[in-house]
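Working notes, structure below.
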Amino acid sequence: MRNALLLTLLLANILQAKAQTLKGTLTQHKGQTITLIGFNYYKALDLDKTVADSLGNFSLNYPKNYKGMGILKTQDNSSLVMLLKKSKTQITGTHLKDAASLQFINSKENNQFVTYAKTYTQGKQAYSAWRYLKPKYTNIETLKTEKKSTTNNRQRVRTFRASSCQCYKINTRKKLFTLVFTHANFGKRHARNHP
């Protein structure tokens, strides 16, 4: 009995040493099932699955040699695409859909992605606000003098979004994700049509 217990503990330690860990705290996902999805060429596969505790803490393990894209998916169908490469990545925040609350520890690339998501969202909101205000500034006599300033600001926001270095990075990342999903879907269709 004692030998079996020691053997079990030894095996658990060996398996733990051969895994990378993603830990996190997502306070609005407490009690939810959280799944880490990875990719093997054309196939999406569940790397690990757990349930967040009452505070939203969770820990997921994935193979030590796995490096690449992953998707963190929660029970409420929220998801976050992320890069898995460091052995001890940690994520904190309130909800996966609230990019402003997300922060990664030990993952410069994922933090850059979150920073871009925040900047992009703010840019879209500013541009929408200027588009809303344009007719107001055109139709109200007292605001017509401000129209030129409004037009310049709207153009500046549009130019900033289009020329942003981060925009280039995110567009490249989007293309990579699209490529992965396109290949995965092609593999599924190919397997279905050629049994």
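A short reminder: the numbers here are calculations on the coordinates, not readings from a lab. The structure displayed is predicted, hence computed values, not measured ones. Every residue, glycine as well, gets a Cβ built from its backbone with ideal geometry; the counts of neighbours run over all protein chains shown.
Just subtract the alpha-carbon distance of Lys43 and Glu109 from 0.36 nm times their residue separation and send over the number in nm, one decimal.
21.4 nm
Can you give the three extents of the C-alpha atoms in segment 39-117 along their principal axes, from longest to shortest, in whole Å?
Cα extents, longest axis first: 31, 28, 22 Å.
Quote to one decimal, in nm, the extra length available between Thr50 and Lys118 on full extension: 0.36 nm per residue of separation minus the C-alpha distance between them.
21.7 nm
At Tyr127 and Ser79, where each label point lies 7 Å from the Cα along Cα→Cβ, what is the point-to-point distance in nanometres?
Label at Tyr127, label at Ser79, 2.4 nm between them.
Cβ under 13 Å from Ser59's Cβ, Ser59 left aside: what net charge do those residues give with Lys, Arg +1 and Asp, Glu -1?
+1
For a Förster distance of 30 Å, can you work out the FRET efficiency between the beta-carbons of Tyr66 and Ala100, rounded to the nearest 0.05?
In this case the efficiency is close to 0.55.
Starting from the 7 Å offset along Cα-to-Cβ, what nm value, one decimal, do you get for the label separation of Asn152 and Lys30?
Taking the simple label geometry, Asn152 and Lys30 are separated by 5.1 nm.
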